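S.K.: Here it is: the structure, laid out below.
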Amino acid sequence: MGKYLITGRQGSGKTTLIKFLQEQGYTAFNTDDLPDVTRLQDRQTGEVIDWPEGGVDWTKYAWNWQEQALKNLLATNDTVFVGGVVSNQADLYDLFDKVFVLIVDAKTLRTRLETHEHQSHHLPGVIDRILTNHEIKQKLFVEDGGIPISANGTAAEIADAILSQAQ
């Protein structure tokens, strides 16, 4: 059975899509919710750290998958959908049969970020920082081998687009 990554910018719809797929009976995980799979690490030492108060200095820290924990998550005969965006994801693309990139326009992204469930997106300047290089980041995901999926629609529409390519 297939192993699929659903990635994209913060606010692109990964969490909503993973929840939708779970509701439809698929094995699907948001790696942000799995502390053994995704951890904040010092970029220089690799040391796992606690989330700092007031926000993260992304020049010092990386949100990384832990390779063995991710492999364990994928070690099933089920089709598995993994949703996430992490600093080291391109290093682990070979664990997936396909990588899907949720593509949204800047207006939709801003609207989603303004109502996002992750409180870190509501800190001063975070939404503007994400939007500043939004188009460039989306393009890089695709250049790294991701399949672009329009994510401006409903969760059902996005899931249909992914499922048609995952088969």
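S.K.: Are any residues in the stretch 20-49 in contact (Cβ under 8 Å) with a residue 60 or more places away in the chain and surrounded by 14 or more Cβ atoms within 10 Å (Cβ to Cβ), and if so, which ones?
M.R.: Of the stretch 20-49, the ones in contact (Cβ under 8 Å) with a residue 60 or more places away in the chain are 20-21, 24, 32.
Matches in the stretch 20-49: 20, 21, 32.
S.K.: Does the stretch 77-95 hold any residues that are within 14 Å of the chain's Cα centre (by Cα) and aliphatic (A, V, I, L, M), and which are they? Before the answer, list the steps.
M.R.: Within the stretch 77-95, the subset within 14 Å of the chain's Cα centre (by Cα) is 81-90, 92-93.
Listed by number, the residues that qualify are 82, 85, 86, 90, 92.
S.K.: While we're here: Every residue in the stretch 109-144 that is outside any helix (DSSP H, G or I) and either touching a helix residue (DSSP H, G or I) at 6+ places or on another chain (Cβ under 7 Å) or modelled with pLDDT under 75 (or both), please. Step through it out loud before you land on a result.
M.R.: Going residue by residue through the stretch 109-144, those that are outside any helix (DSSP H, G or I) are 115-118, 123-125, 133, 144.
Residues satisfying the conditions are 115, 116, 117, 118, 123, 124, 125, 144.
S.K.: Starting from the stretch 131-143, keep only residues that are surrounded by 13 or more Cβ atoms within 10 Å (Cβ to Cβ), then list their pairs with residues that are of a type in the set (Ser, Thr, Tyr) whose Cβ atoms are within a distance under 8 Å, requiring at least 6 positions of separation or different chains.
M.R.: Matching pairs, first to second residue: 141/7.
S.K.: In the stretch 50-96, how many residues are modelled with pLDDT of 90 or more, surrounded by fewer than 18 Cβ atoms within 10 Å (Cβ to Cβ) and part of a loop (DSSP other than H, G, I, E, B)?
M.R.: Residues that pass the stated criteria total 8.
S.K.: While we're looking at this one, here's another question. Quick check on residue 71: is it within 14 Å of residue 141 (Cα to Cα) and among the basic types (Lys, Arg)?
M.R.: Working: within 14 Å of residue 141 (Cα to Cα): no; among the basic types (Lys, Arg): yes.
No; evaluated as a whole, the condition is false for this residue.
S.K.: Which one is modelled with the lowest pLDDT, of the residues in the stretch 97-108 that are under 18 Å from residue 162 (Cβ atoms) and either out of contact with any strand residue (DSSP E or B) (no Cβ under 7 Å at 6 or more places or on another chain) or acidic (Asp, Glu) (or both)?
M.R.: Only one residue fits best here, namely 108.
The values are calculated or read from the model by the stated rules, or taken from the named source; none is laboratory data. Owing to the predicted nature of the structure, the values given are computational and were not obtained by experimental measurement. With ideal geometry, Cβ positions are generated from the backbone for all residues, glycine too; neighbour counts draw on all protein chains shown.
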